[in-house]
Amino acid sequence: MLKRAEYLLRFYLLTLLLFIAAKVLFMLCNAAGNPFKAGDVVDVIYHGISLDLSTALYFLILPFLITIISIYWQKKPLFVLLRVYHLIIAIAFALAFVADTSLYGFWHFKLDASCLQYLETPTEAMASVSWGYIAIRLVIFVLVAWLIFKAYQKTVRPARTASPPRADYKSALLGLLAFILSIPVFVIGIRGGLGESTTNIGQVYYSQNQFLNHSAVNPVFSFLASFEKTANNIVDYDYYSQEACNSLLEGVYPVTSVDTDTLLTMQRPDIVIILMESAGDFLADVMPRLQQLKKEGINFSNCYGNTWRTDRGTVCTYSGYPSFPTSSVMKMPSKTQHLPSIARTLQKAGYQTSYFYGGDINFTNMRSYLVGTGFEQLTWMKDFSKAEQETSEWGVRDDIMFKAVYQKLTNHHEKPQLIGFSTLSSHEPWDVPLQKIDEPIKNAFYYLDDCIGHFIDQLRQTPQWDSTLIVLLPDHSIDYGELNESKEARNRIPMVWTGGVVKAPRDVRQICNQTDLAATLLAQLGLPHDDFRWSRDVLSKTYQYPLAVHNFNNGFTMIDSTGFMVYDLNSKQIMVNRSSDAQRLEQLGKAVLQATTKDLKDMQ
């Protein structure tokens with residue numbers, strides 16, 4: 001039994017060693033234009049090892065099963081099967097390592113399944129390189145595959161000398177016990193632990209230098225993980241010719257600001273953007289402090305959420321980028337690194353940028369998105385004590401996080417600050433320390449509102465209040481009782497600007513989306529926003545057609561002055577019609593979906 005265990009250990013350690021070696025070679029081969037220090041290599045290995053550990057377990061499953069079988073039946077076909085398996089993974093690893101290292105100089109993102117589309121047109125794919133370049137890579141590939149295969153074959157030697165199987169109950173029970181006890185090891189290891197987040201590329205991101213983040217990513221995992229997103233999630237929506245699509249969208253998404261109303265007293269305030277978890281506008285009756293802030297500040301009273309999930313809503317807010325019915329852009333690091341963002345734009349304008357989230361920042365690749373779009377400092381659950389991390393199911397509860405944001409904002413700083421903050425307590429299982437309302441869901445939002453009120457009251461007493469803009473809006477709304485995607489009120493969200501830099505109270509009544517925050521905010525700061533293709537300055541005279549778009553799983557909602565329409569993509573029909581011009585809204589919704597999906601696919 002020990003000989004068999006030795007083989008599995010040697011196999012696993014060899015796989016890890018190969019992944020680590022691949023990182024080092026990747027960095028060395030792509031050093032031109034991407035300078036790094038020796039310490040960076042250590043950091044890359046350290047931050048990338050968690051993904052390597054999980055990925056290596058995937059490839060250990062078959063050897064483990066064969067080893068268990070060998071306890072009962074140790075015949076030559078088992079070793080032949082192992083030999084074939086070693087050859088297959090040697091070829092797969094060699095192909096991944098060589099392709100990843102070679103293509104990075106052209107693509108500047110990690111290997112993923114999108115490369116397969118180029119196999120449909122190999123002539124065009126090879127047009128950028130010489131035959132000599134290809135020949136050298138083929139030789140390297142063959143050599144690397146041969147070396148990996150030989151190394152794996154050496155790991156199997158202990159198993160060949162293992163004791164032959166014995167037909168007794170003790171051996172049978174031993175094998176069965178080993179199998180049962182190993183199942184949780186594989187499941188937990190592959191999943192990446194027992195936390196809320198599962199293994200994902202974003203967990204290894206740690207630097208403002210994207211090359212170092214990319215170096216830490218396991219190319220084999222990157223390729224396999226991208227299959228679902230590439231093959232299934234980015235769906236083609238070809239409803240119209242390009243000319244017809246452009247015609248339908250003409251004037252809908254202006255990217256310039258003309259004669260924008262000035263609502264702020266200064267152009268470089270400290271800015272805090274608070275994403276209130278799930279806080280739809282229908283919760284107004286249990287959020288009295290937020291209602292008071294609407295009266296005191298700038299209230300966008302006809303704002304609608306773009307989406308129904310936090311990962312999507314975060315991208316919509318900070319990048320002014322649309323959501324999609326089946327795609328989560330945050331889960332596509334090769335795409336998110338090309339997105340515009342409020343953080344990156346303000347960073348270029350001299351701002352310090354930071355983000356606060358009391359949960360697992362690796363969840364749904366949040367880390368890679370935030371780091372890749374310009375947030376320099378991340379504060380999350382691991383930066384708090386063990387006791388604080390366990391104050392809610394998702395991590396550090398909101399009142400503790402608001403205190404951390406307050407301390408960050410009021411500490412002395414030379415440059416203006418952008419602070420992003422995602423709350424988390426107003427989420428299942430709705431466990432909050434304040435009990436004022438019997439119904440647990442509404443009670444959780446009352447608690448969030450109370451946290452906001454305390455934060456605002458405390459900040460008003462400081463000198464920083466006069467130079468601070470606070471933006472409050474949710475990442476998305478939620479279903480509640482009979483309120484669902486078929487109801488217009490379901491996706492209406494609050495968006496409130498408050499703080500000492502707000503000139504006067506204002507009710508902005510134009511229909512708009514949460515994606516419009518980016519262009520509207522940057523225009524108020526006198527900064528360009530033309531790279532935010534899908535965000536509109538709703539205070540500009542160029543905003544001539546107020547419109548809100550919302551996507552949910554396999555469907556979309558359109559809202560304009562004519563009313564409200566819900567279209568189901570599965571049944572391909574209008575499910576709810578509360579518009580006097582539903583056919584035009586359907587056409588416009590399809591054009592938006594077609595154009596935005598094409599934009600996402602073309603992004604590189």
Checklist outcome for this item: Across (1) out of contact with any strand residue (DSSP E or B) (no Cβ under 9 Å at 6 or more places or on another chain); (2) part of a strand (DSSP E or B), Ile274 clears everything bar (1)
Item to check | Count of the range 305-317 residues which are crowded, with 24+ Cβ neighbours inside 10 Å and either closer than 26 Å to Leu264 by Cα or not hydroxyl-bearing (Ser, Thr, Tyr) (or both) | outcome: 8
Checklist entry - Just checking, which of Lys503, Lys487 is farther than 28 Å from Gln347 by Cβ and of a type in the set (Lys, Arg)? => result Lys487
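Checking the conditions here, which among Asp568, Asp599, Asp531 is in the same structural domain as Tyr321 (by the TED database), surrounded by fewer than 18 Cβ atoms within 10 Å (Cβ to Cβ) and acidic (Asp, Glu)?
Numbers: Asp568 fails: in the same structural domain as Tyr321 (by the TED database); Asp599 fails: in the same structural domain as Tyr321 (by the TED database).
Result: Asp531 is the single residue among Asp568, Asp599, Asp531 that is in the same structural domain as Tyr321 (by the TED database), surrounded by fewer than 18 Cβ atoms within 10 Å (Cβ to Cβ) and acidic (Asp, Glu).
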Checklist entry - Can you spot a residue in the range 12-25 that is under 27 Å from the mean Cα position of the chain (by Cα), assigned by the TED database to the domain that holds Ser215, of a type in the set (Val, Ile, Thr) and farther than 20 Å from Ala225 by Cα? => result yes
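Can you tell me which residue among Leu103, Leu28, Leu17 is within 28 Å of Phe211 (Cβ to Cβ), without any contact (Cβ under 8 Å) to a residue 40 or more places away in the chain and in contact with a Cys (Cβ under 9 Å, 6 or more places away or on another chain)?
Details: Leu28 fails: in contact with a Cys (Cβ under 9 Å, 6 or more places away or on another chain); Leu17 fails: in contact with a Cys (Cβ under 9 Å, 6 or more places away or on another chain).
Answer to the selection: Leu103.
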Next on the checklist: With the condition being among the polar types (S, T, N, Q), I'd like the strands (runs of 3 or more DSSP E) fully within the range 550-604 carrying at least 3 qualifying residues.
Outcome noted: 573-579
Next on the checklist: Looking at Asp383, Asp466, Asp399, Asp450, can you tell me which residue is in contact with a Cys (Cβ under 7 Å, 6 or more places away or on another chain), modelled with pLDDT of 95 or more and either within 26 Å of Ala504 (Cα to Cα) or assigned by the TED database to the domain that holds Thr314 (or both)?
Outcome noted: Asp399
Next on the checklist: Suppose we keep only residues that are farther than 21 Å from Leu378 by Cα and of a type in the set (A, V, I, L, M, F, W, C) within the range 413-450. Which one would you say is surrounded by the most Cβ atoms within 10 Å (Cβ to Cβ)?
Outcome noted: Leu448
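Given the residues Thr55, Thr67, which is the only one that is in contact with a Phe, Trp or Tyr (Cβ under 7 Å, 6 or more places away or on another chain), at pLDDT below 85, crowded, with 20+ Cβ neighbours inside 10 Å and in a helix (DSSP H, G or I)? Give the derivation first.
On the way: Thr55 fails: at pLDDT below 85.
When all the criteria are applied, what remains is Thr67.
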Next on the checklist: When the residues of the range 382-400 are narrowed to those that are among the charged types (D, E, K, R) and in a loop (DSSP other than H, G, I, E, B), which ends up farthest from Pro463 (Cα to Cα)?
Outcome noted: Glu393
Checklist entry - Of (1) among the hydroxyl-bearing types (Ser, Thr, Tyr); (2) surrounded by 13 or more Cβ atoms within 10 Å (Cβ to Cβ); (3) free of Cβ contacts under 8 Å to residues at least 60 places away in the same chain, Tyr46 satisfies all except one. Which? => result (2)
Checklist entry - How do the helices (runs of 4 or more DSSP H) wholly within the range 81-189 filter down when requiring 1 or more residues that are at pLDDT 70 or above: which remain? => result 131-155, 157-160
Next on the checklist: If I go through the range 264-286 residue by residue, how many of them are of a type in the set (A, V, I, L, M) and out of contact with any Pro (no Cβ under 8 Å at 6 or more places or on another chain)?
Outcome noted: 7
Checklist entry - Out of (1) buried (at least 17 other Cβ atoms within 10 Å of the Cβ); (2) more than 23 Å from Ile478 (Cβ to Cβ); (3) more than 22 Å from the chain's Cα centre (by Cα), the odd one out for Asn362 is which? => result (3)
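The values are calculated or read from the model by the stated rules, or taken from the named source; none is laboratory data. Quantities reported herein were computed from a predicted structural model and do not represent experimental measurements. No Cβ is skipped: glycine too gets one built from the backbone with ideal geometry, and neighbour counts run over all protein chains shown.
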